[in-house]
Structures are given as structure tokens and as C-alpha cells.
1. Starting from the Cα of residue 287, step 7 Å along the direction of its Cβ; do the same at residue 271; then give the gap between the two resulting points in nm.
2. So if I take the centroid of the Cα atoms in segment 542-565 and the same for segment 354-390, what is the distance between those two points in Å?
3. List the aspartates and glutamates whose Cα sits under 15 Å from the Cα of residue 153, skipping any in the same chain fewer than 8 residues away.
4. What is segment 48-194 by shape, rounded, prolate or oblate, if you read a ≥ b ≥ c off the alpha carbon gyration tensor as root eigenvalues and call it rounded for a/c under 1.5, prolate for a/b larger than b/c, and oblate otherwise?
5. Given Cβ point charges of +1 (Lys, Arg) and -1 (Asp, Glu) and nothing else, what value in debye, to the nearest 20, does the dipole of segment 325-364 about its Cα centre take?
6. From the Cα gyration tensor of segment 329-438, with a ≥ b ≥ c the square roots of its eigenvalues, which class applies: rounded if a/c is under 1.5, or else prolate if a/b is larger than b/c, or else oblate?
7. Based on the Cβ-Cβ distance of residue 89 and residue 425, what FRET efficiency does E = 1/(1 + (r/R0)^6) give at R0 = 35 Å, to the nearest 0.05?
8. Taking a point 7 angstrom from the Cα of residue 134 along the C-beta vector, which residues in segment 353-386 have backbone N less than 15 Å away?
Amino acid sequence: MLLRLAFPYPHSLPTSLSFTVLSFQCRSHAATLVRKSHMRFPLLALVATTASAVSPVAGNSYTISPISFPSLCLAAGGTTNGSPVVTAACNTAGANVWTYTGGTFVNSATNMCVDVTNGITTNGNKLQVWDCFANNRNQAFTTAPAASGDNVKWSVQNSCWDLTDGSSSAGTQIQMWTCFAENTNQRWNFVQTSGTTPPPPPPPPPPPSSSGYLRVSGTRVVDPNGNAVTLHGTNLGGWLVFEDWMCGISDESHGDREAQVTLEDRFGIDQTRALMNAWEDNWITSADFDNIQGLGLNVVRVPFSYRNFKRSDGSYWTDSNGNVDFSRLDWVVAQAKARGIYVILDYHVWEGQLEQGTPEYEVISQPGSQGDVQRAQAAELWGLIAAHFVGEGTIAAFDSMNEVTGSPGDILQIAMYNAIRANDLNRIVIMESVHADPNSYGWTNVLYSYHEYDMMGSDLGSNQQTYQSEVQAYIDQSNAWNIPSYVGEFMVTGDTATWMLGQMNSAGIWYTGWTYATVDQGDWGLFNFPASTHVDVSSDSYATILSTWSNMGSKSQQNIANIYRSAVARRSFSDREVRAPVYMRRSQGQEHGGRSRGARGPIRQARWLAT
């Protein structure tokens, strides 16, 4: 919007002008008048500035003043979570002093961080102080020099700290508002109170090359030479994440993915560690990668749990150098790399997760202190994994979080994206349970994943209708957002499997079926262990479990593996079907049913959700 001001005589020109800017937002066939911001614009350069104002440097402490009112400083309005960030008379007391960490602002009196209340993204939402949590997106800000002073921008979107109504009154609470270059309510002077300005750092060492990475190009994924890459493969389910029903495990003490908890309760951490090693050494071996290669598959999705890397007390397992022990992931990447197979790392079980359908399962997706803690824990682990594998081109993508429920404002997905991007700018990031155009968040190199478990019956006609209403609708939506499609999990058999794999091949989308191996679960696995692999972690002795898991026996190939082999052998992209993109209506709050976590039978029904 262009605003022109006219004054009839030079002497009538005011020293400053205060007014309200209005704009229209078009919504369908109606226009809505939206109050943008009450802004004070200085004229004739009469606004005072502070001579000692500087741009903030990480590690130093500052008072922070509105550019128009240098006698006011930002202060913590209290000492408890949720206290407002307000203006107050400037002094060097702790409530007025803030330490800049390079991404957060920590109040010296409270040791709490500036925080966007509940992560709400609408204009006018107020700033508060809250306990600091690593990788909490509500506390992440960047600064940028403006014509005078600095803007402080939220890392989530184009919103800036804003002096509400341009008020000169002490006690004014600071708000978030869409950033405007000429809005002086959004300019701040930083006056250093402690710390030293360091000399310019030496040039950093060049980061590991990401030139071998796959990347998103519209609705395709391409290699460094621009050639389209379509990945068709399987999940390594059960290897790093127990799923009792498919792993031959009975557990009367805990839920479907918590056999490790039962084992630790019975045998302690060290003996359980030995049992887990026996399991992981034998569930997937190098011979399995030969099988995968022999089927013509070119990708494995690797579900993992935080417990693969952390003890029950939250401390990390470390290697001889004191680094987090990622040896299992290193091994799977090496095995895949040797055979020209890509890897997708999938964060499957996070801290605090309980059974799907319980309130506890949804905590990580929701605002609030518990959700903040769980998101911070998950973000920390993703940051470590991203840094560990930066430059490794065998990894096709990171699947940021498996089968999470819808998250208001996508706060969970934003936190995971930011944690990965802080350590790897170029890796493809896979998102689940997102219903927004990735451009609306400034996301790059992302694709959305969908899981399909509604086509497990034998009625081909019914399954074809389901595919059109569910999978095809998801593909159409991805096309509309100009991003690739990926069906990360699905289970089909017989004629339906032949038909569905053919459809996905023709569409040129990525897919990974569930799963590579099971214990005597038929076509749920491309290969099956014998029923003799079964153990009861609640009652079997340590020696029995260790012996069984150390001697699992050979896997038998199932018919579904032959269907995969045939589908991969006959796929052709020369006749790829091109579909006009259409938008599908989705419910923001709907959650993914996924696999029925308590079921044991070979055919199980589940709700679907385009994640």
C-alpha cells in the first residue's frame, strides 16, 4: 500500500506523525479490513539516537530501547513464567539487562528468555519471559541493522518485536507484528553493559560438501546433475524400534513399543544393553542388504528411537571419543552405500511418547511447557544427527517425526526443521501431519509424507476407490504445492499390491512399504523369521531371551517380495501420467491412526491421514 501525505505549508509540517495503517485481506469473495499497526514515523530526523548503540554480539549483555524513546528500556515484568516483556525507565538493574546468545535473549535478573506467547503467529500477540529451552522456536530471534537501530525478527516468520501503539508510557507490553522496513516501532537500540567485542573471527573451515545431496526441484527429486531420482524401497521396521506384534514379542507389563522398559525393569541397564545388541546384530544383517539390492529396491527407511542413543535417565550413550554413539546408524549407511542404496532416517519414537490415541502421545505436538520440553529434546537429537551426517550423500532425507498428531501452527514441524537446518542447510526434510504450503513457512527442500493402511483387504475394486480418494488426493495436493510426493508406509497384498505399486511407479513418486522383516506375519514382511523366534520379555529368563535373539535363524522370502521385484523391474517413467493438481480439503486437527499398535493379526484396519 502506498500512502501519500500532503501539507499545504512548510511551517505546518509536524515533527512526527502518528497514524494507523489499514489494509485489506481478500478471503474468498469477501474483503476483510485488518488493522495493521499503530505506527509513529519520525519526520525531519528529529528522533533521538543513542551514540553508544551497537548491533548485538553473541555473548554480550545489553539494555534495549525503542529507537524513539531512548529513556525507556525493555524489562522483565515479573519473575515467573508468562510475565510480560514491558518498557521501563532505563537503568543497569538486572531486569533491564539482556544477554544475547546469538539466537535468544536471556534476562539477567530472571535467567528467562524472551518468548512469543504460545507460539501464536497472529499480529498483536505479546512477548513474555519463559524458562529457556534449547531449540524452542518461540524463543528464537535474529537481529538485522535497520536505517537506525536494529530490527529483531522471529525466526519462524516475518514478524518483528513491535512497541505496541508506539507508546511512550512505561509498562507498555511489547507485541509481535508483521515487519515493516519504515516502522520505527520495530527499531531498537542496543547499549552494551558487559562483555567485550571480540576481534573478527578467523574464516571458518569450509563445511563438508553437500554437492552429492539429492534435492527437491518442483514435484521431482533430482541428483546433483539434475536427473530425476525416484526411490522405491522398504522400511527396516523392528530393527531399532521394537513393535511387539511384528517382532515376536509378548509383553504383559508395558505397551507395544516398550519392551526395552520391561527388560530394564527386570534385568537392569547393562544386561538390557547386551540383549538389545543381540537383537540389533541379528534382526538386520549385511545379507539383508544383498536381498534388498536383489529385489531392485533403492532405498531403506530406518525408524529409530531416542532410546537407541539415550539411557533411561536422559544421558547419551557415547563412544570412546566421548561423542554420541551413532554407530548403528553409521553401519546402516555404510551397508547401503556399498550397494548404491539410499537411506531415509526416520525419528519414530520420541521422549514422552506413549500409545497412539492417548493424551500423552499428543503432548509433543501441542503448546505448553510439556510440549516445549519434548520438542526441545527431539530438536537436540536431530541437531546432533544432522551435524554427524552433514555431507553424507547416501542419506536421501531426514523424516522429521513419525505419525505425529496435528500441531497448532505446525509448531512441532517448525522446531524440527529449524533444528536440522541449524546443522545442515541442504538436506531434504520430510514432514508428516502438515497441511500448509511449505512456502508459507519459508521452507526449502522439503516433501510431505503420507501413510496408507486402508487398502489391506482383498477387494481390488474397493481398494482402487480408496487409492483415488486417499493416495491420489494426497498426490494432487502435493502437486498443487509444487513438492514431491512420498508414501512412507503402506501395506497391500495380492492383486492390490501389483496394482498400487504400478500406480505409484507411473506417478513417479517415492514409496517405502511396511516392512522388510517380521516374525511370522505373512505379507506384512518381505521376509519372515520363524515363529520360534518368539519371546516373552515379561517372563522368559535372560538366558532364554539372549539365546533366542542371538540365534534367530534364517528368514523366508514372502510372495509380497516377488510382487515388489516385478513392479520395480517393469516400471517406466516414459509414460508418466500427468494429473492436473487440485486442492483437497483437510481437517487441521485430524490425527493419523497408522498401524493398530495393539493388534496381532495379519490384517488390521486403520484410518488414513495425508501427512
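We did not get these values from a lab; they are worked out from the coordinates using the rules stated. If you're wondering where the values come from, they're calculated on a predicted model, not measured in any experiment. Heads up, the Cβs are rebuilt from the backbone with ideal geometry, glycines too, and the neighbour counts pull from every protein chain shown.
1. 3.0
2. Between the Cα centre of segment 542-565 and that of segment 354-390, the gap is 32 Å.
3. Residue 153 reaches 115, 162, 182.
4. Rounded shape, in that the Cα axes give a/c under 1.5.
5. Rounded to the nearest 20 debye, it is 460 debye.
6. Prolate, since a/c reaches 1.5 and a/b exceeds b/c.
7. So, using R0 = 35 Å, E works out to roughly 0.25.
8. Under 15 Å, as judged by backbone N against the label point of residue 134, lie 373-386 of segment 353-386.
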